[in-house]
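Below: the structure, in structure tokens.
The values are calculated or read from the model by the stated rules, or taken from the named source; none is laboratory data. Remember, predicted model here, so these are calculated numbers, not experimental data. Ideal geometry is used to build each Cβ from the backbone, glycine not excepted, and the neighbour counts take in all protein chains shown.
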Amino acid sequence: MDSLDLIGLTQALVDIDSTTGSEAAAGRWLAADLERRGYHVTRQPVDRERFNILATVDDPSVVLSTHFDCVPPFFPSRREADRIYGRGSCDAKGILAAQVVAADRLKASGIRDVGLLFVVGEERGSDGATAANALPNGCRYLINGEPTDNRLGAATRGVWRIRLKASGRAAHTSHPELGDSAIEKLIDALWQLRGIDLPVDPVLGKTHYTVGMIAGGVAPNVVPPAAEAEVLFRSVGSHDVLREALRPLEPRVRVEEVLEVPPIRMHVVEGFHTEVFPYTTDIPFLTKWGAPLLYGPGSVLVAHTAEEHVEIADLERAVDDYERLARDLRM
């Protein structure tokens, strides 16, 4: 029965498009399903239509949590052999389903102080988690779900997202000496960035970055007066060190900060394989929900891809592990 419920719940959730910003329909369906299962459900507004979901029996000492928004594009579920495919099957609706089934098992055994917290917006800045951090609670442990290949996360990298903005002066390209190319300044700064020594941590490794977006110029025959690039660093320590490391770029470009998420060390439990992960999660935004743990079925290597999927066996193992973790943490 658990397995059938687990598969059915995963596919039902995957089949509702909950691309970030459009989670309301999935939230309504999930809240109603949790009420049917006997939980007291709180719908916490995040904006006019979107809301987080807190499902409890008694006041929770342990909370299982993940997000129900997904990256685009949406595509529905399908089952092939022992896998479930579809957007969110791995990140993170399969995880959510495993947490619900684990909580149901605990509730059926008489354990009433394990809650469920499901948030919106994780894929675009964690506005749901930020809102959830204001909910009053006496929780001692938060088990956050992300694809970890059924391992406990010992640590995750942080994020430092910046915008490099270059300014120049427009001119007709027949007289380039009258202008000042912002694009050339930006290119020079990005080349300079490649040679900067970035922080290294013995556990998390070396800081790395991606130049994710570049924009600039007005026309091919105009010396470009403005250009910018967005750069996302996967950080391993203090962002003040990164800020100082990038100061040599400032004569060419202005550094604007867009998003900052610190690296996190997590609580671990004996008997579980642990791993360090290069991504970030909602955990840094849920600081008031107790000591954090990170665990989930599925691989981040297939999350966000056209072949996103999760193994049914990994989902079933996750149900057992979530139940075991909750029981151990309550001791």
In region 122-148, which residues are crowded, with 24+ Cβ neighbours inside 10 Å and touching a strand residue (DSSP E or B) at 6+ places or on another chain (Cβ under 7 Å)? E122, G128, A129, A132, L142, I143, N144, G145, E146, T148
Scope region 102-115; condition surrounded by fewer than 24 Cβ atoms within 10 Å (Cβ to Cβ) and under 26 Å from R79 (Cα atoms); matching residues: D104, R105
Within region 45-78, residues being surrounded by 17 or more Cβ atoms within 10 Å (Cβ to Cβ) and assigned to a strand (DSSP E or B) number 13
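For region 91-148, which positions are among the aromatic types (F, W, Y) and over 17 Å from the mean Cα position of the chain (by Cα)? I'd like the intermediate steps shown before the answer.
As a first pass, look at region 91-148 and keep what is among the aromatic types (F, W, Y): 118, 141.
Within region 91-148, Y141 is the sole residue that qualifies.
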Please go through region 241-258 and give me each residue that is crowded, with 17+ Cβ neighbours inside 10 Å and either hydroxyl-bearing (S, T, Y) or outside any helix (DSSP H, G or I) (or both), ordered by number. L246, R252, V253
Taking only region 284-322 into account, find how many residues are out of contact with any strand residue (DSSP E or B) (no Cβ under 7 Å at 6 or more places or on another chain), assigned to a helix (DSSP H, G or I) and within 17 Å of P147 (Cα to Cα). 9
Determine if region 259-276 includes at least one residue that is assigned to a strand (DSSP E or B), in contact (Cβ under 8 Å) with a residue 60 or more places away in the chain and more than 26 Å from the chain's Cα centre (by Cα). no
Pairs please, first residue from region 230-248 and under 13 Å from I162 (Cβ atoms), second anywhere and surrounded by fewer than 13 Cβ atoms within 10 Å (Cβ to Cβ) and aliphatic (A, V, I, L, M), Cβ atoms under 6 Å, 6+ apart in sequence or on different chains. E230/M213
Would you check which residues across region 211-221 are out of contact with any Asp or Glu (no Cβ under 7 Å at 6 or more places or on another chain) and surrounded by 11 or more Cβ atoms within 10 Å (Cβ to Cβ) and list them? V211, I214, G217, V218
Can you find a residue in region 81-89 that is modelled with pLDDT under 95 and under 20 Å from V302 (Cβ atoms)? yes
Contacts under 7 angstrom Cβ, first residue in region 122-133 being assigned by TED's automatic domain parsing to the domain that holds R50, partner of a type in the set (S, T, N, Q), 6 or more apart: E123/T20; R124/T20; G128/N52; A131/Q44; A131/N52; A132/Q44; A132/N52; N133/T287
Going by the conditions given, is W191 aromatic (F, W, Y), modelled with pLDDT of 95 or more and assigned to a helix (DSSP H, G or I)? yes
What about G298, is it surrounded by 21 or more Cβ atoms within 10 Å (Cβ to Cβ) and at positive phi? yes
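Does region 163-171 include one or more residues that are modelled with pLDDT of 95 or more, outside the structural domain of T56 (by TED's automatic domain parsing), in a loop (DSSP other than H, G, I, E, B) and polar (S, T, N, Q)? Even if it seems obvious, please write down each step before you answer.
Just the residues of region 163-171 that are modelled with pLDDT of 95 or more, to begin with: 163-171.
Within this subset, residues satisfying the condition of being outside the structural domain of T56 (by TED's automatic domain parsing) are 163-171.
Then drop every residue that is not in a loop (DSSP other than H, G, I, E, B), which leaves 168, 170-171.
Adding the requirement that they be polar (S, T, N, Q) leaves none.
Checking region 163-171: not a single residue is modelled with pLDDT of 95 or more, outside the structural domain of T56 (by TED's automatic domain parsing), in a loop (DSSP other than H, G, I, E, B) and polar (S, T, N, Q).
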From the options T10, T19, residue that is of a type in the set (S, T, N, Q), in the same structural domain as D113 (by TED's automatic domain parsing) and closer than 16 Å to V310 by Cα: T10
